[in-house]
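In what follows, a single structure is set out as structure tokens and then discussed.
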Amino acid sequence: MYLAKPMEHYIDKLASKSPEPGGGSAAALVGSVGAALVSMVGNLTLGKEKYQDVQGRIEDLLAGSEAVRSELQRLVQEDTEAFSAVSEAYKLPKETDEEKKIRSEKIQEGLKGAATEVPFQICEKSLEVARLSKIAAEIGNVQAVSDAGVAVLFADACAQAAAMNVQINLNSIRDESFNKAKWDRVQEVLKEVAQLREEVVATTYQKIRS
């Protein structure tokens, strides 16, 4: 488990020629940091008399940010393992027509499975982080509003990076209906995250400058 080791170990491995971890795992890590920043805003608001009227909403915010942070941290590791089924399929024999057929089917199964599903999940989770960052910016401790702003920027980076990793796998999948369904949803996520980024950044600067 990468996150059970020093961060330097993960970053060194990321910089190496090892096929994992890669961009998908890094996307999940960035997203989890964004979620952690939302939690930071929440924790700096919780129990503050000035924000007494939003304490219930802050508790809900923290529950949401900690849940998505946990999911994204899990996906940091899962993405490093996601391509294993595809890698094993590529190693299958391909001497006869039957072997080629089986090998091709297994590759397609692997690509449609975790290889695409994990970055797709990361992309979905990025939207949760972006939505939570908006709440944090609107009702959280104004002294920590910049952290909400950074959180939405990380959510956007996570979404964009995850989308790229979804697309690169879809390029090798022959099931057009599967590809369309996945990519249509990714486009919806990217659009909403971009809108949230714009709103939260505007709110952040407005509060910083006031």
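The values are calculated or read from the model by the stated rules, or taken from the named source; none is laboratory data. All of these numbers come straight from a predicted model, not from anything done at the bench. Here the Cβ positions follow ideal geometry from the backbone for every residue, glycine too, while neighbour counts run over all protein chains shown.
Return the total of residues in the range 1-34 being in a helix (DSSP H, G or I) and either within 15 Å of residue 124 (Cα to Cα) or of a type in the set (A, V, I, L, M, F, W, C) (or both).
17
Just name the residue that is surrounded by the fewest Cβ atoms within 10 Å (Cβ to Cβ) out of those in the range 161-202 that are in contact (Cβ under 8 Å) with a residue 40 or more places away in the chain and of a type in the set (Gly, Ala, Ser).
Of everything passing the filter in the range 161-202, 172 is surrounded by the fewest Cβ atoms within 10 Å (Cβ to Cβ).
For the structure I just gave you, tell me whether residue 114 is closer than 22 Å to residue 24 by Cα, surrounded by fewer than 24 Cβ atoms within 10 Å (Cβ to Cβ), touching a Phe, Trp or Tyr at 6+ places or on another chain (Cβ under 8 Å) and of a type in the set (A, V, I, L, M).
yes
Among (1) free of Cβ contacts under 8 Å to residues at least 40 places away in the same chain; (2) more than 22 Å from residue 137 (Cβ to Cβ); (3) of a type in the set (Ser, Thr, Tyr), which single condition is residue 2 missing?
Unmet condition: (1).
Could you grab me the full set of residues in the range 84-101 that are more than 27 Å from the chain's Cα centre (by Cα) and closer than 20 Å to residue 176 by Cα?
101
Within the range 143-158, can you find the residues that are closer than 30 Å to residue 86 by Cα and in contact (Cβ under 8 Å) with a residue 60 or more places away in the chain?
The answer is 154, 155, 157, 158.
Could you tell me whether residue 138 is within 27 Å of residue 205 (Cβ to Cβ) and surrounded by fewer than 23 Cβ atoms within 10 Å (Cβ to Cβ)?
Against the criterion (within 27 Å of residue 205 (Cβ to Cβ) and surrounded by fewer than 23 Cβ atoms within 10 Å (Cβ to Cβ)), residue 138 qualifies.
When the range 1-41 is examined, which residues are found to be surrounded by 15 or more Cβ atoms within 10 Å (Cβ to Cβ) and among the β-branched types (Val, Ile, Thr)?
30, 33, 38, 41, listed by residue number.
Can you say whether residue 150 is over 17 Å from the mean Cα position of the chain (by Cα), in a helix (DSSP H, G or I), within 25 Å of residue 76 (Cβ to Cβ) and at pLDDT 95 or above, as far as the supplied structure shows?
So residue 150 fails the test.
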